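Trainee: One structure, as structure tokens, below. Some questions next.
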Amino acid sequence: MHELSLAGSILSMVEAAAAREAFTRVVQLRLEVGRLAAVEVHALRFALASLARGTVLDGAEVLIDEPAA
């Protein structure tokens, strides 16, 4: 399940941006996952929700766009 690894990397990037830009909460996170990326969007969304608890992403609305190849 590489979606968990992707979610962890996304969370790390968001937390690094939070430290750099001095924000404490994300209201909305927009992602783009191409249909040929071999990513199960439902699993990615679940992994993000699981990892987000207690972080700047906790409670954020996650919008995932799936453009065609």
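The values are calculated or read from the model by the stated rules, or taken from the named source; none is laboratory data. In this text the structure is predicted, and so the values were computed from the model without any measurement. Reconstructed Cβ throughout: ideal geometry from the backbone, glycine too, with neighbour counts over all protein chains shown. To get the accessible areas, we keep the full protein, side chains included, count just its heavy atoms, and leave off ligands, DNA and RNA. Shrake-Rupley method; radii C 1.70, N 1.55, O 1.52, S 1.80 Å.
Trainee: At 7 Å along Cα-to-Cβ for each site, give me the label-to-label distance between SER5 and SER50 in nm.
Mentor: 1.5 nm
Trainee: To continue, here is another question. So, for the chain, what is the accessible surface per residue at a probe of 1.4 Å, expressed in square angstrom?
Mentor: With all protein chains present, the chain gives 67 Å² per residue.
Trainee: Charges on Cβ only, +1 for Lys and Arg, -1 for Asp and Glu, centred on the Cα centroid of the chain; of VAL14, ALA43, VAL33, which one is farthest towards the dipole's positive end?
Mentor: VAL14
Trainee: Moving on. Where does the chain land at 222 nm, in deg cm²/dmol rounded to the nearest 500, when only DSSP H runs of n ≥ 4 count, each adding -39500 (n - 2.57), divided by all residues? It would help to have the intermediate numbers written out before the result.
Mentor: Numbers: 2 runs with 32 residues, N = 69.
Using -39500 (n - 2.57) per qualifying helix, the result is -15500 deg cm²/dmol.
Trainee: Pull up all non-local amide H partners of VAL62: gap of 5 or more, or a different chain, and H-to-H distance under 5 Å with H placed in the peptide plane.
Mentor: LEU29
Trainee: Then there's this: Run the dipole for region 4-69 about the Cα centre, Lys and Arg Cβ at +1, Asp and Glu Cβ at -1, nothing else charged, and hand back the magnitude in debye, nearest 20.
Mentor: Numbers: 6 positive and 8 negative charges, 22 e Å.
Charge dipole, region 4-69, about its Cα centre: 100 debye, nearest 20.
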